[in-house]
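Below: one structure, written as structure tokens.
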Amino acid sequence: MTTQNKQRNHTQRRWRIGGLLGIGVLVNYFDRISLSVAAPQLQQEFHLSSSDLGLLFSAFFWTYALLQIPTGLILDRFGVTRVGRWGALLWGVASTLTACAGGFGGIFAARALLGVAEAPGFPVSAKATGYWFPRRERAMATAIFDAAAKFSNVIGVPLVALTVVHLGWRWGFGLTALLSLAYFVAFTLIYRDPSQDSKLSDSEYRYIVDGGAAVEGMGQTGSLAMLGYLLQQRKVWGLSIGFAAYGYVFYLFLTWLPGYLVQTMHMSILKSASYAAIPWIFATLSDLLVGGWLIDHLIARGHDETRVRKGVLLGGMLLGLAVFGTTSTTDPNIAIIWITIALSGLAAAAPVGWSLPSLIAPRGGTGTVGGIMNFANNMMGAIAPIVTGYIVGSTHSFTNAFLVAGVMLIIGVIAFVFLLGRIEAIPEPATKTVCQARQQG
């Protein structure tokens with residue numbers, strides 16, 4: 001009986017790991033959104049313009065984006081466990097330095113360091129999910145950590161807003177520093193790759209591996225050679241351009257939504273936090289139910305995997321075009337409805353995007369594909385706040401900023417349709433070379 005109970009307790013180990021990764025992304029995004037919530041106080045205390053705020057919002061993303069490809073290479077070389085631990089430790093350090101900053105320069109430098117620290121965050125989760133989950137469960141497993149990014153705005157924005165209003169902006173960053181350090185401890189104690197996890201039962205391990213989980217270990221091709229090979233693949237370019245378009249709109253709302261509600265709709269910080277939570281609640285549900293459960297359910301019932309994943313991907317991106325609706329209203333309730341539709345659509349598409357590196361990458365290349373994709377995605381995270389800040393500062397309106405966002409989504413849809421193609425693994429470089437040699441022979 002004891003053995004049976006032990007076996008039963010271990011049959012869901014993979015979902016506990018999935019929950020751990022989701023908590024990590026949740027804390028990760030608390031760090032990111034804290035600046036947007038504290039922005040009105042920072043703007044007043046340090047006499048910052050809208051353009052200054054745009055630069056501060058972008059500071060994180062410059063280093064975060066530029067390190068995505070190197071991080072992918074490092075991740076494929078040193079693995080999830082080591083890279084994940086060091087990254088989580090540095091989150092807390094960077095947030096602590098932000099809380100101690102004395103002006104624009106100090107905040108900018110601390111946020112840039114946070115970008116360095118969090119660069120491995122999503123690639124680590126994507127690679128770990130590939131190891132821990134069979135293909136039939138990959139959508140839901142990916143949706144768990146991706147939905148955490150949306151849900152962070154539901155609980156994180158009000159939590160940080162209360163802290164900022166009652167204790168000041170420094171304590172807002174202090175709170176995220178404490179949460180980051182707590183996650184570092186949890187990740188260090190809990191996470192192991194499946195082959196190294198003593199709490200994973202043999203039966204569940206076989207279920208994971210036989211279900212098409214990504215193969216642990218390094219590829220046969222060196223890191224730089226793998227990077228060069230992947231950059232020649234049309235699928236990688238389609239994924240990267242499409243996800244960059246998604247990232248532009250997502251990060252526009254992540255950084256500027258509270259400011260939009262305060263400036264355009266004349267709300268207080270606390271009221272803007274409650275309004276901002278509405279679209280993120282629906283985005284979280286869409287992420288889990290459509291981007292996660294529905295995809296796995298349809299594939300399990302025998303529907304073509306490519307059609308299901310691409311259908312949700314393209315449908316979600318098209319719903320994102322609801323951002324155009326915000327350009328024709330000054331009513332905060334109507335604006336929130338349009339933003340909710342847009343973010344819900346994008347949230348359904350996001351888990352598909354994040355599951356693709358482990359589904360299309362050759363062996364040993366998942367981290368690199370994820371790094372390339374996330375580099376493109378987060379370059380838009382750097383560009384969107386600056387472009388938005390410049391437009392708002394010049395026109396005193398968000399209308400043109402939202403128009404630009406819609407155009408970006410149209411470009412992304414085109415890339416997904418014509419470049420990504422079928423969702424299937426890219427041949428390993430060595431395999432391709434052998435095939436070419438045989439053809440030539």
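Using heavy-atom solvent-accessible surface (probe 1.4 Å) with all chains present, what is the largest-first order of Ile17, Ile386?
The ranking, largest first, comes out as Ile386, Ile17.
Take Ser152, Ser203 and sort them by solvent-accessible surface of the protein heavy atoms, 1.4 Å probe, largest at the top.
From most accessible down to least: Ser203, Ser152.
Any idea of Ser195's accessible area? Nearest 10 Å², probe 1.4 Å.
Using a 1.4 Å probe on the heavy atoms, I get roughly 60 Å².
Could you tell me which of rounded, prolate or oblate describes region 230-283, using a ≥ b ≥ c as the square roots of the eigenvalues of the alpha-carbon gyration tensor, with rounded for a/c under 1.5 and, failing that, prolate when a/b is larger than b/c and oblate otherwise?
Values: a/c = 5.61, a/b = 3.17, b/c = 1.77.
Here region 230-283 falls in the prolate category.
For region 157-276, just say rounded, prolate or oblate: build the C-alpha gyration tensor, square-root its eigenvalues into a ≥ b ≥ c, call rounded for a/c under 1.5, and beyond that prolate if a/b exceeds b/c, oblate if not.
Oblate, since a/c reaches 1.5 and b/c is not below a/b.
Would you mind working out the accessible area per residue for region 250-336, using a 1.4 Å probe, and quoting it in Å²?
Dividing the accessible area of region 250-336 by its residue count gives 41 Å².
Could you tell me the accessible area of Leu97 in Å² (1.4 Å probe, neighbours in place), rounded to the nearest ten?
Spelled out: Leu97, probe radius 1.4 Å, area about 90 Å².
With a ≥ b ≥ c the root eigenvalues of the C-alpha gyration tensor of the chain, is it rounded (a/c under 1.5), prolate (a/b larger than b/c) or oblate?
Details: a/c = 1.66, a/b = 1.41, b/c = 1.17.
Cα axes put the chain in the prolate bin.
Hey, what's region 97-230 come to in accessible area per residue, 1.4 Å probe, Å²?
That works out to 38 Å² per residue.
Defining a contact as two alpha carbons under 8 Å apart and six or more residues distant in sequence, what relative contact order in percent does region 320-371 show?
Relative contact order comes out at 30 percent.
Please identify the helices of the chain, taking whole runs of DSSP H, that span at least 20 Å along their own axis as judged from the Cα atoms and have a mean Kyte-Doolittle score of -0.5 or higher.
Those that pass (Cα extent of 20 Å or more, hydropathy at least -0.5) are 13-46, 50-66, 80-99, 104-118, 138-167, 169-190, 234-263, 269-288, 305-319, 332-360, 366-395, 399-415.
Run the count for the chain, please: Lys pairs, Cα-Cα under 27 angstrom, 8 or more apart or on different chains.
12
Any idea of Arg363's accessible area? Nearest 10 Å², probe 1.4 Å.
Surface accessible to solvent at Arg363 totals approximately 100 Å².
Just the number, please: carbon plus sulfur as a percent of the accessible area of the chain, 1.4 Å probe, no ligands or DNA/RNA counted.
65 percent
The values are calculated or read from the model by the stated rules, or taken from the named source; none is laboratory data. In this text the structure is predicted, and so the values were computed from the model without any measurement. Heads up: the accessible areas ignore ligands, DNA and RNA and are worked out on the full protein's heavy atoms, side chains in. Shrake-Rupley method; radii C 1.70, N 1.55, O 1.52, S 1.80 Å.
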